[in-house]
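First the structure, in the form of structure tokens, and then the observations on it.
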Amino acid sequence: MPTIFFALDEHVQMFVDNPGHGEIVVRGFADDDSTLSLVGAHLGRLLEETTSRALGGPAVERPVLPRFVTTAQAVELVPVVQRAVLLAVAGEDRYQRVEVEPDTDPEDVLCVHCNEGSVFDQTVTISERCTEHGHTPFGYATDTTWDQAQARREAARRRR
């Protein structure tokens, strides 16, 4: 899978090499070309600290975000960190369904349990739950059936 970048500027870059694996690699938080791998709970801390700094909140004791990042820089970083964390945690299939590009057709409906509808064939594994109870569409209200979600997607495509 290709590396996906989120660049704040020519110095700070965030890489999500494996969407859905819970890791972000950050380059440029220091003066040199050092990299920092943030995984698991550190992703939540990065998001929390970036938001807090952008809003002028108090400094934390052991920050993930370097102290030299100013409030103005944190304001610019917030949307970058949000997208990177979303991609790192949710994976590319789910990311594509919540970070929608304007003027694009809706993605195929994706099952939350077995990944039916994924463009990545290796991720689809029809579960016993889906065989017994049917697929559950991602990004739709809990009581929406698979067929209803399919019909809504098709109606949205026809409106375009």
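Things worth noting here:
- Candidate set: the stretch 66-93, residues that are charged (D, E, K, R) and within 15 Å of the chain's Cα centre (by Cα); chosen: the one nearest to V112 (Cα to Cα): D93
- Looking only at residues of the stretch 120-130 that are modelled with pLDDT under 85 and not in a loop (DSSP other than H, G, I, E, B), we find that the one that is least open to solvent (accessible area, probe 1.4 Å) is T123.
- Restricting the stretch 1-38 to residues that are open to solvent by 70 Å² or more (accessible area, probe 1.4 Å) and under 16 Å from G91 (Cα atoms), the residue that is modelled with the highest pLDDT: H21
Residues checked against (1) closer than 21 Å to G20 by Cα; (2) under 22 Å from the mean Cα position of the chain (by Cα); (3) assigned to a loop (DSSP other than H, G, I, E, B):
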residue: E49; (1), (2), (3): no, yes, no
residue: G57; (1), (2), (3): no, no, yes
residue: V64; (1), (2), (3): yes, yes, yes
residue: Y95; (1), (2), (3): yes, yes, no
residue: D103; (1), (2), (3): no, yes, yes
residue: V109; (1), (2), (3): yes, yes, yes
residue: S118; (1), (2), (3): yes, yes, yes
residue: E132; (1), (2), (3): no, no, no
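- Unique match (being closer than 30 Å to D143 by Cβ and in contact with a helix residue (DSSP H, G or I) (Cβ under 7 Å, 6 or more places away or on another chain)) among E107, E92, E101: E107
- Leading residue by the ranking (farthest from G28 (Cα to Cα)) among those in the stretch 59-81 that are out of contact with any helix residue (DSSP H, G or I) (no Cβ under 7 Å at 6 or more places or on another chain), open to solvent by 60 Å² or more (accessible area, probe 1.4 Å) and not hydrophobic (A, V, I, L, M, F, W, C): E61
The values are calculated or read from the model by the stated rules, or taken from the named source; none is laboratory data. This one's a predicted model, so the numbers in the text were calculated from it and none came from an experiment. Virtual Cβ from ideal backbone geometry, glycine too; neighbours counted across all protein chains shown. Surface accessibility is based on the protein's heavy atoms, side chains included, excluding ligands, DNA and RNA. Shrake-Rupley method; radii C 1.70, N 1.55, O 1.52, S 1.80 Å.
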